[in-house]
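Data first, discussion second: the structure below is written as structure tokens.
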Amino acid sequence: MPVYRVGLWFHDYLIRPLFRDSQSRLISTDSASLDLRVIVIDSGKGIDLTFEYIPSMFKKHTVETLSATYIELLRKLIHQPYQPFNESAQDNLTPSVADKQPAGRTIHLFSGFNATPIGKILPYIFSQIRPDVGVKLHPSPFLFDQILNHRHSLVQKTGDINVFLFRPEDWLDGQQVKELDVSTLIEQSEVMTGQFISALTAFAETVPTPVYVGLGQPVIPSLVQHVQWQRYIRRVRTQLMNNSGLNLLPLHVVKEENIADEIDYAEASDETGLPLFPYVNRHYADISKVIARNIYTVFKSSRKVIVVDCDNTLWDGNCAEDGWENIQITPDRVRIQTFLLEMKQRGYLLAICSHNLFDDVKRVFERRHEMRLSCRNDFVSTRIDWQPKSSGLLSLADELNLGIDTFILIDDSPVNCALVRERCQEVFVLELPEEGHQAADLLLGSWEFDNADRLGENDSRRTQQYRENRKRVTLKDQTATLDDFLNRIEQCIDISEVDDLHRPHQLTLRVNQFNASYQRFSISQLQAMAASPHYILKKVSVSDRFGDLGEVGFWLAKKQERQLIIESFLLSCRALGRAVEVAIFGRFTGDRHGTRCRNIDIATGRESAK
């Protein structure tokens with residue numbers, strides 16, 4: 001059953017126009033046989049357009065936008081007759097409210113309600129945190145049609161992010177809300193919402209990046225206050241939460257006092273009585289921040305090491321001048337330490353870089369029972385000396401065999417922070433304010449630590465793994481050849497089927513050095529490929545006599561005709577220099593024979609290597 005009854009009439013003969021002075025007109029009528037009728041007449045001097053619609057089915061703004069878009073499309077086809085039609089159709093034919101897009105990645109925002117303010121606020125937010133990210137707001141009247149009927153034309157360039165905002169009441173108009181009871185409204189909305197979510201899920205399977213969906217707060221008073229409608233909205237939210245192919249934005253946590261009850265409906269509504277702007281500016285700003293914060297986790301660099309200062313960071317005061325017994329460990333400093341412990345449990349490595357004497361710092365950790373952190377057990381390494389902190393960070397990166405771009409520095413000194421920003425520009429520097437409460441709030445509220453990944457088995461013991469690696473490095477320095485070293489550590493490499501997709505998902509997000517394709521896969525994408533007979537997913541685990549390195553590698557292969565295409569191939573830096581990649585290439589050959597493929601094609605970030 002079609003959503004709307006729509007007809008398009010094209011006349012190739014002259015007929016008398018309905019009006020003398022107009023070439024494009026809108027006719028609102030309750031007596032039309034169709035919900036929308038577009039009449040196109042060749043007048044001899046040009047094309048005469050008439051859009052006839054039923055006001056109870058379409059808002060005037062919707063038909064106006066449709067008319068303007070159709071006219072602009074015709075103009076493009078006239079002036080660019082040799083351009084393929086699908087290229088013209090994919091252009092944004094209506095004026096964009098977002099600023100001119102930079103050359104980097106783009107966030108495509110689709111909304112069933114008027115999201116014009118978000119199209120202004122979101123570009124500003126990203127101009128402050130990621131200037132290379134642009135925002136493109138697409139016309140709201142076509143949200144349902146775009147995703148239901150034209151989702152394949154919505155696929156943008158690799159790396160772009162798609163965000164869809166909607167409310168079930170978007171499928172209704174003011175006349176329906178006034179005349180129909182809530183049960184009937186829910187029945188009508190359920191059909192549309194169900195089709196929309198199904199189409200959105202299908203669209204998510206066609207794009208390599210996460211698809212975000214936001215369920216906006218209802219604003220129509222008669223629906224907001226109705227218990228039956230509230231239950232319906234909760235069902236829709238639960239359906240979206242349980243959809244592994246979509247990423248639900250937590251718009252329900254936005255403060256309710258910022259929504260439409262502050263709008264003067266008499267001054268800000270269309271002809272159906274619904275508000276042109278359903279939210280006040282503060283609510284639009286809150287929605288924009290939720291979108292930006294969730295998407296930032298996709299764009300931000302993968303950080304692995306948190307390097308922290310001591311004085312006026314882990315405690316108040318200077319341990320050298322005040323003495324270990326006189327420094328203050330306030331509840332706010334305890335909050336900071338507790339947060340760092342949580343980050344360690346999530347897989348971050350903790351390190352200290354402090355301008356101090358080691359013994360002074362050590363006494364604070366050992367003699368102050370309020371300390372939540374242990375210098376011996378919680379920190380993988382320390383740089384407690386008077387060298388520039390940029391030198392300390394580079395030294396830590398060399399010791400841990402990690403890129404400097406994986407480091408975060410937490411420090412209270414504006415001078416030290418400025419020097420690190422200048423000399424180690426890849427490091428994320430979080431400069432804490434002097435006051436403890438403000439420092440804790442800033443740290444705990446930082447977007448840099450947002451991570452939706454589930455805790456993995458390897459995360460909680462990563463510090464121990466790096467300590468074990470020091471023993472390996474010492475032994476390697478004492479060994480003449482790589483083969484002799486591998487024999488002495490009794491290395492064991494296990495390549496097997498993937499049984500838990502969360503670790504491969506983490507690796508695709510975190511591994512940068514040995515990563516052939518740099519593709520970032522969502523859990524839902526990995527689930528779909530694991531269920532497909534056309535894909536092979538393998539994990540690589542390594543252990544030796546010093547300990548278990550855990551799952552350090554992953555590859556994803558696709559069987560296509562007589563080729564085995566390695567779409568993703570990556571190894572953690574912990575496994576480099578141990579001939580693990582040699583064993584993996586040997587397994588590639590075995591899988592090629594097992595699948596009767598003639599060639600192996602490894603897809604890289606730039607080109608394929610055969």
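The values are calculated or read from the model by the stated rules, or taken from the named source; none is laboratory data. For clarity, every value in this text was computed on a predicted model and none was experimentally measured. Using ideal geometry, Cβ is built from the backbone for each residue, glycine included, and neighbour counts are taken over all protein chains shown. Side chains included, ligands, DNA and RNA excluded: accessible areas come from the protein's heavy atoms. Shrake-Rupley method; radii C 1.70, N 1.55, O 1.52, S 1.80 Å.
Brief remarks on what is shown
- Only one of S22, S67, S56 that is outside any strand (DSSP E or B), open to solvent by less than 60 Å² (accessible area, probe 1.4 Å) and modelled with pLDDT of 70 or more: S67
- Any chance L402 is under 22 Å from W315 (Cβ atoms) and buried (at least 17 other Cβ atoms within 10 Å of the Cβ): no
- Considered as a group, the residues in segment 282-306 that are in a helix (DSSP H, G or I) and polar (S, T, N, Q) include one that is farthest from L443 (Cα to Cα), and that residue is S288.
- Screening E426 with (1) in contact with a Phe, Trp or Tyr (Cβ under 9 Å, 6 or more places away or on another chain); (2) part of a helix (DSSP H, G or I) gives one miss only, at (2).
- Residues being modelled with pLDDT of 90 or more and crowded, with 17+ Cβ neighbours inside 10 Å - total across segment 230-246: 4
- Test: residue in segment 207-230 that is touching a strand residue (DSSP E or B) at 6+ places or on another chain (Cβ under 7 Å), among the hydroxyl-bearing types (S, T, Y) and closer than 22 Å to A531 by Cα: yes
- Qualifying positions in segment 428-448 - exposed (fewer than 14 other Cβ atoms within 10 Å of the Cβ), touching a helix residue (DSSP H, G or I) at 6+ places or on another chain (Cβ under 7 Å) and farther than 18 Å from V307 by Cα: H437
- Hits in segment 173-203 - residues which are open to solvent by 10 Å² or more (accessible area, probe 1.4 Å) and of a type in the set (G, A, S): S183, G194, S198, A202
- Within segment 212-229, considering residues that are outside any helix (DSSP H, G or I) and open to solvent by 60 Å² or more (accessible area, probe 1.4 Å), the one farthest from G194 (Cα to Cα): Q225
- Of the residues making up segment 405-415, at least one is more than 15 Å from I336 (Cα to Cα), open to solvent by less than 70 Å² (accessible area, probe 1.4 Å) and more than 28 Å from the chain's Cα centre (by Cα).
- For segment 469-498, filtering for residues that are assigned to a loop (DSSP other than H, G, I, E, B), modelled with pLDDT of 85 or more and open to solvent by 60 Å² or more (accessible area, probe 1.4 Å) leaves 2.
- Selection over segment 575-584 of residues that are open to solvent by 20 Å² or more (accessible area, probe 1.4 Å), in contact with a strand residue (DSSP E or B) (Cβ under 9 Å, 6 or more places away or on another chain) and in a helix (DSSP H, G or I) gives a count of 2.
A quick yes/no check of all residues on (1) assigned to a helix (DSSP H, G or I); (2) buried (at least 20 other Cβ atoms within 10 Å of the Cβ); (3) at pLDDT below 90:
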| site | (1), (2), (3) |
| --- | --- |
| L73 | yes, no, yes |
| I78 | yes, no, yes |
| P95 | no, no, yes |
| D99 | no, no, yes |
| I107 | no, yes, no |
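- Qualifying residue in segment 353-369 (condition: closer than 25 Å to E448 by Cβ and touching a Leu at 6+ places or on another chain (Cβ under 8 Å)): yes
- Residue that is farthest from K539 (Cα to Cα) [pool: residues in segment 558-573 that are open to solvent by less than 50 Å² (accessible area, probe 1.4 Å) and among the polar types (S, T, N, Q)]: Q563
- Checked against (1) out of contact with any Gly (no Cβ under 8 Å at 6 or more places or on another chain); (2) more than 19 Å from K558 (Cα to Cα); (3) at pLDDT below 85; (4) not acidic (D, E), R503 meets all criteria but (1).
- Segment 307-328, residues that are within 17 Å of L409 (Cα to Cα) and either open to solvent by 30 Å² or more (accessible area, probe 1.4 Å) or not in a loop (DSSP other than H, G, I, E, B) (or both): V307, V308, D311, N312, W315
- Some residue of segment 329-339 being part of a strand (DSSP E or B), modelled with pLDDT of 95 or more, crowded, with 17+ Cβ neighbours inside 10 Å and touching a helix residue (DSSP H, G or I) at 6+ places or on another chain (Cβ under 8 Å): no
- Qualifying positions in segment 112-150 - at pLDDT 85 or above, aromatic (F, W, Y) and open to solvent by 20 Å² or more (accessible area, probe 1.4 Å): Y124
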